[in-house]
Amino acid sequence: FLVLAATALLMLGVFQGQKSTGLVLSLSAAAVLVTLVIVWLQPAGRSIAFEGLFVRDGFGSFMKGLILVGSAVSLVMAWRYIERENMARFEFPVLMLFATVGMMMMVSAHDLISLYIGLELQSLSLYVIAAFRRDTIRSTESGLKYFVLGALSSGMLLYGSSLIYGFAGTTSFAALADTFQQAAQAGEVPAVGLIVGMVFLSTGLAFKVGAVPFHMWTPDVYEGAPTPVTAFFASAPKIAAMALFVRVLMGPFAELAEQWQQIVVAISMLSMILGALAAISQTSIKRLMAYSSIGHVGYALIGLAAGTEAGVRGLAIYMAIYLFMNLGTFAVILCMRQKDRMVENIEDLRGLSKTHPMMALAMGIFMFSMAGIPPMAGFFSKLYVFLAAIEAELYTLAVVGVLSSVVGAFYYLRIVKLMYFDEPTEAFDRPLGREMNLVMGVTGAITLLFFVFPSPIVAGAEAAATALLAAG
């Protein structure tokens, strides 16, 4: 449905010209919401399609739901921005739709070939929208950096896939899982080429989630890309890449857990430490959010490192809560306008509680949640992954996670201090826009009141984890 909708909207834009941008954007958001309903109404159970290339299961449906929510909210947040910043071209929402199609393909990949097709459809669309403001050097530079490093990661991923195919003789996830299970039962050690292939494949996926040491593109791309694009980058593609990472390692490579677990533990620790320390010195709110996202990827990877059902459940809950915190924070950043131009310095938030009290309250909720302070949703997301790590006896990883969380709290609480205890320098422009108020209000309410009614997210994540591991 989403492919057909994107193609139809592309045709509409071509024949109607640039005056159709508003209509195409509205219809794109509607198409994403209809797709969300279709995903939600799908029957339970697991089914394979396209000769084993595509799988539909509970895990895929949960993650697709999060991706579609992220895409829909990003489209809504982009509406006023693209008109004001001379970016009102119909290709923008269409590219976001094609990127979303790629993400859904990634989540449902059941073969190394379909994995790559989904990944590239997403990546090629994202390269273009990162550089969408052609008249600014920063946006063009961010698109180019993302393209060059993204191409490098795709090369690594393809090299790993070719090694796996060469040594195992198949690209199918089901056939790979059978091969490794038979080898384990026979007491055979997997070939070195297979392990090297898996390392290259994991490296390519770590690039896509922005985990250390493959994070170098994240701060520059986040800062240079238009702000609604950065909001999109930080939400939907992160969830898609993380879901793909989990599906690959917990599916076909589940028997090789001893080999990949140490890689995941290492990149998780490095991401949490770098995310906590590098963000302290940042002055740009978008760069701060980039390092924050690297840290959050580290926390989410704790769930994958655990390699258990509790770990996958913790990761799914983490990504769901991260989505709402992140979209809400970027809605606040999009409202940071003075004299009709965007401002991005953290210092610009001084005294926000006096000039825009509700906006300051929303930002305060998101910052407390990201710092992991109870009773905000962020506390529970970290609690679930830390409990999974302790259950799997990964004590060092859990301790590093808690310590990084304490260090990271410094820069989140500094923003709260600026908003509530400093004098305002200059007020932001009014009005903020009805859609921005709605996004901040809804995401703020979900983040604040998660502990009152956690069952939709927790039960959904539990069903997703059970579906993934039952298949494995």
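Summing charges over all other residues whose Cβ lies under 12 Å from the Cβ of GLN185, with Lys and Arg as +1 and Asp and Glu as -1, gives -3. Charge dipole (Cα centre; +1 on Lys/Arg Cβ, -1 on Asp/Glu Cβ; no other charges) of segment 1-84 amounts to roughly 180 debye. Hey, what number do you get for the chain at 222 nm if only DSSP H runs of n ≥ 4 count, each worth -39500 (n - 2.57), divided across all residues, to the nearest 500? Value at 222 nm, helices only, nearest 500: -26000 deg cm²/dmol. Using only the alpha-carbon atoms, how far is helix 2-16 inclined from the longest principal axis of the chain? Give it as 0 to 90 degrees, nearest 10. On a 0 to 90 degree scale, this one is about 40. For the chain, a simple Cβ point-charge model (Lys and Arg +1, Asp and Glu -1, everything else neutral) yields a dipole of about 1120 debye relative to the Cα centre.
To the nearest 10 degrees, how steeply does helix 112-130 sit against the main Cα axis of the chain, on a 0 to 90 scale? Tilt of helix 112-130: around 20 degrees.
Computed from the Cβ-Cβ distance with R0 of 56 Å, the FRET efficiency linking PHE50 to PHE451 stands at 0.85. Dipole size of segment 40-110 about its Cα centre, with +1 on Lys/Arg Cβ and -1 on Asp/Glu Cβ: approximately 120 debye, rounded to the nearest 20. Computed from Cα atoms, the angle from the helix 173-185 axis to the main principal axis of the chain rounds to 50 degrees. Checking the cross-link pairs LYS145/LYS238; LYS145/LYS286; LYS238/LYS286; LYS64/LYS339; LYS382/LYS417; LYS208/LYS286 against a 27 Å limit on the alpha carbon distance flags LYS64/LYS339 as lying beyond it.
Using a 1.4 angstrom probe on the protein heavy atoms only, line up LEU397, LEU124 by accessible area, largest first.
LEU124, LEU397
Ordering 330-336, 228-234, 372-378 by mean Cβ neighbour count within 10 Å, with the highest value first, yields 228-234, 330-336, 372-378. Over the chain, accessible surface divided per residue gives 38 Å², non-protein components excluded, 1.4 Å probe.
Compactness of the chain, taken as the C-alpha radius of gyration over 2.2 N^0.38 Å, stands at 0.94. Per atom type, the chain shows carbon and sulfur on 68% of its accessible surface, probed at 1.4 Å.
Using the Karplus relation 6.51 cos²θ - 1.76 cosθ + 1.60 with θ = phi - 60°, the per-residue 3J(HN,Hα) values for segment 298-306 come to x, 5, 4, 5, 4, x, 5, 4, 4 Hz, with x marking Gly and Pro.
The mean sequence distance of close C-alpha pairs (under 8 Å, at least 6 residues apart), as a share of the length of the chain, puts its relative contact order at 16 percent. All other residues whose Cβ lies under 15 angstrom from that of ALA174 are scored, Lys and Arg at +1 and Asp and Glu at -1, for a net of -2. Accessible surface ranking for ILE38, ILE195, ILE137, ILE164, 1.4 angstrom probe, highest first: ILE137, ILE38, ILE195, ILE164.
The values are calculated or read from the model by the stated rules, or taken from the named source; none is laboratory data. The structure displayed is predicted, hence computed values, not measured ones. FYI the Cβ positions are ideal-geometry reconstructions off the backbone, even for glycines, and counts take in every protein chain you see. To get the accessible areas, we keep the full protein, side chains included, count just its heavy atoms, and leave off ligands, DNA and RNA. Shrake-Rupley method; radii C 1.70, N 1.55, O 1.52, S 1.80 Å.
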